[in-house]
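The values are calculated or read from the model by the stated rules, or taken from the named source; none is laboratory data. Predicted, not measured: the structure shown is a model, and the values here were computed from it. Note that each Cβ is placed from the backbone with ideal geometry, even for glycine, and that neighbours are counted across all protein chains shown.
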Amino acid sequence: MINEIHNDADDRMKKSFAALETNFSKIRAGRAHPSLLEQIQVEYYGSMVPLSQVSNISAEDSRTLKVSPWEKDMVAPIEKAIMKSDLGLNPTTMGQIMRIPLPPLTEERRRELVRVVRDEAEHAKVAIRNIRRDAISDYRDLLKEKEVSEDEAHRAEDNIQKITDAHIAEIEKALGDKENSLLEI
């Protein structure tokens, strides 16, 4: 029973970290990366689909993304979706290929992005602590129902704390790496 709670909490903590990494990948560090356009949705025959399902996205160089739609008719909707996104990008279309130059980040914008990254990391830490709290609550419920001894419950709480500390350290490392990449010129 205790192992099931441990495994469930660990899996949920890993998912929280994966969500944080996904959020970090959406915050650009001044370099062109195809993941920057992943969240953009394009209308395709009446339904909204991710940009990556209707085109090929690649980094042409460190400051330019290249989008190649698979269908000629998709050029205009893709261009419109990119311009409507909150990324502040303006694609230039040459035939069926779009090039998206990324403007260099100002120092002020870099500082703002660092604040956003720290906020995202704090949300992930809170999520992990909430998962720990739920697991400890489950241990205490087992103790009340006399399904485990006090020693087992105490050991389980110590173990879940160690797992929590490991995941928080992972978040801190990812945060430090992202901050460095944002402040790098």
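Mind listing whichever residues of the stretch 11-52 are free of Cβ contacts under 8 Å to residues at least 24 places away in the same chain, farther than 28 Å from Thr106 by Cβ and not β-branched (Val, Ile, Thr)?
Across the stretch 11-52, the qualifying residues are Asp11, Lys15, Ala18, Tyr45, Gly46, Ser47, Met48, Pro50, Ser52.
Output the number of the condition that Met48 fails; it satisfies all remaining conditions of (1) part of a helix (DSSP H, G or I); (2) surrounded by fewer than 16 Cβ atoms within 10 Å (Cβ to Cβ).
(1)
Regarding Ala135, is this residue touching a residue at least 60 places away in the same chain (Cβ under 8 Å), in contact with a Phe, Trp or Tyr (Cβ under 7 Å, 6 or more places away or on another chain) and not assigned by TED's automatic domain parsing to the domain that holds Thr92? Spell out the reasoning first.
Details: touching a residue at least 60 places away in the same chain (Cβ under 8 Å): yes; in contact with a Phe, Trp or Tyr (Cβ under 7 Å, 6 or more places away or on another chain): no; not assigned by TED's automatic domain parsing to the domain that holds Thr92: yes.
Criteria not met by Ala135.
Please verify whether Arg115 is outside any strand (DSSP E or B), among the basic types (Lys, Arg) and under 30 Å from Arg133 (Cα atoms), treating the condition exactly as stated. Spell out the reasoning first.
Details: outside any strand (DSSP E or B): yes; among the basic types (Lys, Arg): yes; under 30 Å from Arg133 (Cα atoms): yes.
Yes.
Report, by residue number, each residue of the stretch 2-33 that is at pLDDT 85 or above, within 28 Å of Lys66 (Cβ to Cβ) and surrounded by 18 or more Cβ atoms within 10 Å (Cβ to Cβ).
Within the stretch 2-33, no residue meets the criteria.
Just the residues that are touching a residue at least 12 places away in the same chain (Cβ under 8 Å) and either of a type outside the set (A, V, I, L, M) or outside the structural domain of Gln39 (by TED's automatic domain parsing) (or both), please, taken from the stretch 64-78. Even if it seems obvious, please write down each step before you answer.
Filtering the stretch 64-78 for residues touching a residue at least 12 places away in the same chain (Cβ under 8 Å) gives 64-72, 74-75, 77-78.
Within the stretch 64-78, Thr64, Lys66, Ser68, Pro69, Trp70, Glu71, Lys72, Pro77 qualify.
All but one of (1) modelled with pLDDT of 85 or more; (2) assigned to a helix (DSSP H, G or I); (3) surrounded by 18 or more Cβ atoms within 10 Å (Cβ to Cβ); (4) not β-branched (Val, Ile, Thr) hold for Leu36; which doesn't?
Of (1) modelled with pLDDT of 85 or more; (2) assigned to a helix (DSSP H, G or I); (3) surrounded by 18 or more Cβ atoms within 10 Å (Cβ to Cβ); (4) not β-branched (Val, Ile, Thr), only one is false for Leu36: (1).
Can you tell me which residue among Ala81, Ala59 is part of a strand (DSSP E or B), modelled with pLDDT under 90 and not assigned by TED's automatic domain parsing to the domain that holds Leu175?
Numbers: Ala81 fails: part of a strand (DSSP E or B).
Just a single option satisfies the conditions, and that option is Ala59.
Identify the residue in the stretch 62-78 that is part of a strand (DSSP E or B) and more than 24 Å from the chain's Cα centre (by Cα) and, among all such residues, is surrounded by the fewest Cβ atoms within 10 Å (Cβ to Cβ).
Residues of the stretch 62-78 part of a strand (DSSP E or B): 64-69.
In the following step, the residues that additionally are more than 24 Å from the chain's Cα centre (by Cα) were identified as 68-69.
Working: Ser68: 13, Pro69: 21.
Checked the stretch 62-78; the qualifying residue surrounded by the fewest Cβ atoms within 10 Å (Cβ to Cβ) is Ser68.
Among the residues of the stretch 145-185, count how many are surrounded by 11 or more Cβ atoms within 10 Å (Cβ to Cβ), acidic (Asp, Glu) and either in contact with a helix residue (DSSP H, G or I) (Cβ under 7 Å, 6 or more places away or on another chain) or in a helix (DSSP H, G or I) (or both).
7
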